[in-house]
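Student: Supplied in structure tokens, the structure appears directly below.
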Amino acid sequence: MKKPFIFFYLLLCTQLIAQQGFQKEVDAIVKRNDSIWDSTKETIVFTGSSSIRFWTDIQERFPDYQILNSGFGGSQTSDLLYFLDKLVLRYNPKKIFIYEGDNDVHARKRRKKIIADMNEVVQQIKGRFPETQIVLISAKPSLSRWRLRGKYRRLNKSFATIALQSERIDYVNVWDIMLKGRKVRKDIFIEDGLHMNSLGYDLWYESIKPFLP
């Protein structure tokens, strides 16, 4: 085998194993959301990795809307693409907030690959629901991954470009509001330095609120 082929094969196997590992969690999320979803109401879906998963009071913060949380911890953009139908499209969403890319960068994925996966996510959504609004949430700064800040900033610029060049796609910048000067705030994270506490989600709420209808 040639080396590029071997690398691609190993990468594909790794992704398939990871996605199979999410299956139990995804099934539980679908079961929960199916039990509370009212198909007669317009639906907003928040999806992505653990920063969405741990935002447990989204519905309470936005009581005027029917909101489903389909975040699954540790996910990357390719994982969301794989489970997009089960976690998002099945609910006929009018608006979708997406937080992915954080774990991709940490896993040393190239930005070109991350953007390709995100564009495919967008295309699949638009293919099913052309009128649905998509909101890309920027990668956040964090204490535990601050050394990767340059890569996150470049990824965020790419997300912003996707929004500028596409109809019905918005971009939410949560990066700047989580900084104090040139450093990330320390008071908005739990002990692991990666996931946010209620103060962190207060900042997200203020940033995201203007993007609801």
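The values are calculated or read from the model by the stated rules, or taken from the named source; none is laboratory data. Just so you know, these numbers come straight off a predicted model, no measurement behind them. No Cβ is skipped: glycine too gets one built from the backbone with ideal geometry, and neighbour counts run over all protein chains shown. Keep in mind that these areas ignore ligands, DNA and RNA; they rest on the heavy atoms of the full protein, side chains included. Shrake-Rupley method; radii C 1.70, N 1.55, O 1.52, S 1.80 Å.
Student: Would you mind checking which residues have amide H under 5 Å from VAL172's amide H? H placed 1.01 Å from N; only 5 or more apart, or other chain.
Tutor: LEU136, ILE137, SER138
Student: Using protein chains only and a probe of 1.4 angstrom, how many square angstrom of ASP64 are accessible, to the nearest 10?
Tutor: Result for ASP64: roughly 140 Å² accessible.
Student: What nm distance separates the two modelled labels at ARG111 and TRP146, each placed 7 Å from Cα along Cα→Cβ?
Tutor: 2.2 nm
Student: In whole Å, what is the distance between the alpha-carbon centres of the range 36-79 and the range 157-184?
Tutor: 20 Å
Student: Taking 22 Å as R0, compute the FRET efficiency from the Cβ-Cβ separation of GLU120 and ASP34 and round it to 0.05. Please report the intermediate quantities before stating the final value.
Tutor: On the way: r = 25 Å, r/R0 = 1.15.
Working from the Cβ atoms, E equals 0.30.
Student: Could you tell me which of rounded, prolate or oblate describes the range 94-213, using a ≥ b ≥ c as the square roots of the eigenvalues of the alpha-carbon gyration tensor, with rounded for a/c under 1.5 and, failing that, prolate when a/b is larger than b/c and oblate otherwise? Walk me through the numbers before you get to the answer.
Tutor: Numbers: a/c = 2.20, a/b = 1.43, b/c = 1.53.
Since a/c reaches 1.5 but b/c is at least a/b, the shape of the range 94-213 is classed as oblate.
Student: Another one. Can you tell me the length gained on complete extension of the stretch ILE190 to ASP57, counting 0.36 nm per residue apart and subtracting the Cα distance?
Tutor: Values: separation 133, 0.36 × 133 = 47.88 nm, distance 1.65 nm.
Using 0.36 nm per residue and subtracting the Cα-Cα distance, I get 46.2 nm.
Student: Just the number, please: carbon plus sulfur as a percent of the accessible area of the chain, 1.4 Å probe, no ligands or DNA/RNA counted. Don't skip to the answer; put the middle values down first.
Tutor: Working: 6160 of 11480 Å².
It is 54 percent, rounded to a whole number.
Student: Let me know the charge dipole size of the chain about its Cα centre in debye, to the nearest 20, where only the beta-carbon of Lys, Arg (+1) and Asp, Glu (-1) is charged.
Tutor: Values: 35 positive and 24 negative charges, 262 e Å.
Result for the chain is approximately 1260 debye, rounded to the nearest 20.
Student: Hey, another quick one. Given springs between every Cα pair under 10 Å in a Gaussian network model of the chain, which of THR40, THR132, THR161 has the largest fluctuation?
Tutor: Looking only at THR40, THR132, THR161, the largest GNM fluctuation is found for THR40.
Student: With a/c under 1.5 counting as rounded, go ahead and sort the range 91-147 into rounded, prolate or oblate using the C-alpha gyration tensor (a ≥ b ≥ c being the square roots of the eigenvalues; past the cut-off, prolate if a/b is larger than b/c, else oblate). It would help to have the intermediate numbers written out before the result.
Tutor: Working: a/c = 3.79, a/b = 1.89, b/c = 2.01.
It comes out oblate by the Cα gyration axes.
Student: To continue, here is another question. Shape verdict for the range 26-138, please, from the Cα gyration tensor: rounded (a/c under 1.5), prolate (a/b greater than b/c) or oblate. Walk me through the intermediate numbers first.
Tutor: Values: a/c = 1.85, a/b = 1.43, b/c = 1.30.
Because a/c hits 1.5 or more and a/b exceeds b/c, the range 26-138 counts as prolate.
Student: Would you mind checking which residues have amide H under 5 Å from MET196's amide H? H placed 1.01 Å from N; only 5 or more apart, or other chain.
Tutor: Excluding prolines and chain starts, which carry no amide H, the hits are ILE190.
Student: Give the accessible surface of the chain per residue, rounded to a whole number of Å², with probe radius 1.4 Å and ligands, DNA and RNA excluded. Show your work: numbers first, answer last.
Tutor: Working: 11480 Å² over 213 residues.
Averaged over the residues of the chain, the accessible area is 54 Å².
Student: Can you give the helix-only mean residue ellipticity at 222 nm for the chain, where every DSSP H stretch with n ≥ 4 adds -39500 (n - 2.57) and the sum goes over all residues, rounded to the nearest 500 deg cm²/dmol? The partial results should precede the final answer.
Tutor: Working: 9 runs with 103 residues, N = 213.
That comes out to -15000 deg cm²/dmol.
Student: Which trypsin sites (Lys or Arg not before Pro) in the range 12-106 sit in a loop by DSSP (not H, G, I, E or B) and have at most 10 other Cβ atoms within 10 Å of their own Cβ? Display every interim value, and only then the final one.
Tutor: Values: sites: LYS24, LYS31, ARG32, LYS41, ARG53, ARG61, LYS86, ARG90, LYS94, LYS95; in loops: LYS41, LYS94.
Listed in order of number, the matching sites are LYS41.
Student: Which of LYS95/LYS183; LYS41/LYS209; LYS94/LYS140; LYS151/LYS183 have a Cα-Cα distance over 22 Å?
Tutor: LYS95/LYS183; LYS94/LYS140, as the Cα separations exceed 22 Å there.
Student: With a Förster radius of 35 Å, plug the Cβ-Cβ distance of GLU25 and LEU199 into 1/(1 + (r/R0)^6) and report the FRET value to the nearest 0.05. Show your work: numbers first, answer last.
Tutor: Working: r = 27 Å, r/R0 = 0.76.
For R0 = 35 Å, the calculated efficiency reads 0.85.
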